[in-house]
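Read-outs throughout are calculated quantities, based only on the coordinates presented, and are distinct from any laboratory measurement. Quick caveat: nothing in here was measured; it's all calculated off a predicted structure. Virtual Cβ from ideal backbone geometry, glycine too; neighbours counted across all protein chains shown.
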Amino acid sequence: MYQKPNCECGSDLVFTQEYFYREQFKISNEGHRVEKRLRKTVEDKYILEEYLRCPDCTTRYEFDYDNQGRIVLVGEIIGHLNGSDNVNTVKT
Ligand SMILES: [Zn+2]
């Protein structure tokens, strides 16, 4: 039977997508950023990151799909994008 992904703290995890894209502006002769954005090129396009996230304690988890295409938890992601009190540090 399928088990929905749960956080260690007991909350249901949510499927999270983050998009990143590059915005570029020319610098004017006076040294200020020009209001108008430069046209985006292919390499400025969205970069998508997907993971499972706990809305309560902000822990992030890696996921995968099982043989029936269902979202399953595979492990915790070390570190958090958003500042948080329970940030884990990568031990070497
Ligand atoms: Zn949690």
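Grab the other residues whose beta carbon is less than 12 angstrom from that of E62, score K and R as +1, D and E as -1, and report the net. With Lys, Arg at +1 and Asp, Glu at -1, the net is -2. Rounded to two decimals, the Cα radius of gyration of region 14-77 over 2.2 N^0.38 Å is 1.74.
Roughly speaking, what is the stretch gain from S28 to D44, that is 0.36 nm per residue apart minus the C-alpha to C-alpha distance, in nm to one decimal? Display every interim value, and only then the final one.
Details: separation 16, 0.36 × 16 = 5.76 nm, distance 2.14 nm.
Contour length minus the Cα-Cα distance gives 3.6 nm.
Sequence-ordered 3J(HN,Hα) estimates for region 50-60 from the Karplus curve with 6.51, -1.76 and 1.60 and θ = phi - 60° stand at 10, 6, 9, 9, 8, x, 8, 10, 6, 5, 10 Hz, glycine and proline given as x.
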